Structure formats: C-alpha cells, structure tokens
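The values are calculated or read from the model by the stated rules, or taken from the named source; none is laboratory data. Please read all numbers here as calculations on a predicted model, not as lab measurements. Cβ: placed from backbone, ideal geometry, glycine included. Neighbour counts: every protein chain shown. These area figures cover heavy atoms from the full protein model, side chains too; ligands, DNA and RNA do not enter into them. Shrake-Rupley method; radii C 1.70, N 1.55, O 1.52, S 1.80 Å.
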Amino acid sequence: MDARIFNIQKYSIYDGPGIRTLVFFQGCPLRCLWCSNPEGKEPRSRIMWNAAFCVHCGRCVPACPQGLHGIGGEPPRHEFREGGGDSRCEGCGACVAACPERALALAGRKMSIEDIMAVVLEDRVFYQTSGGGLTLGGGEPLAQPEAAAALLTKARAEGISTAVETCGHVAAEVIARVAPLVDLFLYDIKHMDNARHKELTGRDNALILENLKTLFAAGAPVRVRMPLISGCNASLAEMRARAEFLRAWRDAPGFRGVDLLPYHKLGVHKYTQLGESYSLDEAAAVSADFLDEARAILEAAGLSVAVVRH
C-alpha cells in the first residue's frame, strides 16, 4: 500500500512527547488562512519554485512531459504554467532533476508503507531513550485513512509509540477505526463559532467538535491544540468559549491537556514558491499579554496548559 507524503521530518520535538519522526501526509479538507504547510493542502504533487535560485536557463522546459514550464518575457524569465484538468503536475520530478541550481522542488510523492517505516525505524534508539515515536501530520493524515491505519499498525507491531495530528474534519468511522492504533491524538480547535470557523478554514466545526467529544467519551488519549492568530481567533471571548466547552471534559480519562500555539511565519515563504498569495501579515502575531490571559482562562477551568513556540 502507498501513501502520498510530502515530507518526513526527523528529530521533531513539537509533535508529541520525546523525539519523534513526523510523517507529513498530503491532502487536507480545510483551508486555514494561516496554514504553514500549503504544499500539503492538495492531494497531489506540487512544484515549488525558488526564484532566488533560478538562473532562467530553461533546462526544465523540455524535461517536463506536461509542458508546465516555459521561458518568456524580456529579459527571458522562468514561467510555471500549471492550470486545471490535465495541465497539472504528475509528480514525475523530471524538472527537478534537470534544474542545475536546485530552484525547483517536488512536494508530494507516493511512498510505500514499508519504505516509510524503514525511515521511521532508523531512529528507534531515540524513541526508546526519549519516550518518542512516530507522529502522523500533514495536511491531514486521516484524509488518507487506509494508508494512515496501515502505517499506525506497522508502528504498533514494532513497539513504536504513535501520535496523530488532526483537524478532526473526517468521517466518524475513520476516527473509530484508527483510535485503537493511536497513543496520542493532537487535536486542533481553531474556533468555537460555526460560521466564523467556516470563514477561516472553509469548513464549519460541527463534525470536528462531535468527533472530539466522541474521543473524550471513549477515553482516547487527546491533547487539544489551539493555533492562536490575532484578527482570526485570538480573543478573550473565544478563549472563554473554548474553556467552557472543555470544562465538561476535563475529567475524561484520556484528556492530556491543552497546547497554545501562537502564530508563526515559518511557512510563509512557501506560498510564494507555490505561486499563491498569503493573506495575513505581522498583525497576526499574538502578544505575550494575550497568551498569559488565555492561559489563565483555561487554567481557571481546571485545564492543564502549555505554550508551544516554534
């Protein structure tokens, strides 16, 4: 069985306990305005072009079987001509191989579960000494449920701890299927208001909250993660709404607490490389005072809280 993967990151310390290998699955049902992995949104390969490295030599033009690259203008400059339908990258990587300056990169390729596990197993000793393991991220790993379940099953068979980062917008039966294979869910709450959630992510939050309640009720191990972006979801009223929702579940046997994730700009450069626009700016950062107040609101509801900075 294959999975479509756009990155495998070793030595991760932000995506579950201990030292972990983070496998990025491609494809996501949400379109969050602040997404730091835009190359993982679509369930297909994407070409990323770094203009700073490009010398506009044109070697990528004949290499691409889809005819997606060109040289035009005066002076001649590289152009990427991806459109819809059949005029899309097929992930062959020929243009990347032809580029002498490494200005092109391929995001997304099929990998067998066995090949992914081979990479994961390279760092078994670090998992054993740090209490780490394998984390499935993305994108949304549960958007590829068969592959995700297969990889989790393989990891469990090898005695490796498993974690899944999820937005929760997946079918209830998918959650039920993978839950027995997961040692920790890292589960996002992005906004409590249904309409505002749809404005920010392209989807409402009904399914997300229902799946989270199902996991709590089943005693599944869950740590709730809260991305905080000024102008989007970082308000005291929103934090009170989250605290009220989670208060009812604070004694659930699997509830592992809350991580606050203040806005960062680590993925902003990727939008330019994909030829996409990014709508947020410096004002999206949250202040230290807001983080302190947000933390206090959640702790007053009896919740364990940590701030995770990238």
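How many percent of all Cα-Cα pairs in region 1-85 sit more than 23 Å apart?
Working: 1600 of 3570 pairs.
Everything past 23 Å amounts to 45 percent.
Round to a whole number: what % of the accessible area of region 209-273 belongs to carbon and sulfur, probe 1.4 Å?
Values: 1420 of 2670 Å².
Summing carbon and sulfur atoms, their accessible area is 53 percent of the total for region 209-273.
From the P(r) of region 1-43, could you give the percentage of C-alpha pairs in the tail past 15 Å? Write out the running numbers ahead of the final one.
Details: 458 of 903 pairs.
So the portion of pairs separated by more than 15 Å is 51 percent.
Would you work out what percent of the accessible area of region 1-123, with all protein chains in place, is carbon or sulfur (probe 1.4 Å)? Could you put the intermediate results ahead of the total?
Details: 3020 of 6000 Å².
Summing carbon and sulfur atoms, their accessible area is 50 percent of the total for region 1-123.
For region 54-155, state the semi-axes of the equivalent ellipsoid (square roots of 5 times the eigenvalues of the alpha-carbon gyration tensor), sorted largest first and rounded to whole angstrom.
37, 17, 11
Can you give me the orientation-averaged projected area of the convex hull built on the Cα atoms of the chain, in nm²?
Projected area, direction-averaged: 17.1 nm².
Starting from one equal scatterer on each C-alpha and no solvent at all, send me the Debye-based log10 I(q)/I(0) for region 149-194 at q = 0.24, 0.28 Å⁻¹, two decimals.
Taken in order of the listed q values, log10 I(q)/I(0) reads -0.88, -1.08.
May I ask you to compute the full-extension gain from residue 82 to residue 287, defined as 0.36 nm times their residue separation minus their alpha-carbon distance, rounded to one decimal in nm?
Difference between extended and current length: 69.9 nm.
Hey, what's region 45-181 come to in accessible area per residue, 1.4 Å probe, Å²?
On a per-residue basis, region 45-181 sits at 47 Å².
How high is the FRET efficiency from residue 54 to residue 115, r the C-beta distance, R0 35 Å, rounded to 0.05?
0.70
My understanding is that a pair violates if its Cα-Cα distance is over 24 Å; which of 154/213; 41/213; 41/110 do that in this structure?
154/213; 41/213
Considering only C-alpha atoms, what is the centroid distance from region 15-61 to region 164-191, in Å?
Cα centres, region 15-61 to region 164-191: 22 Å.
Based only on Cα atoms, what mean projected area does the convex hull of region 222-306 have, in nm²?
Result: 6.2 nm².
Need one number for region 111-268: average projected area of the convex hull over its C-alpha atoms, nm².
10.1 nm²
Pairwise over distinct Cα atoms, reciprocal of the mean inverse distance: report the Kirkwood radius of region 105-150 in Å, one decimal place. Could the numbers behind the result be given before it?
Details: mean 1/r = 0.0820 Å⁻¹.
About 12.2 Å for region 105-150.
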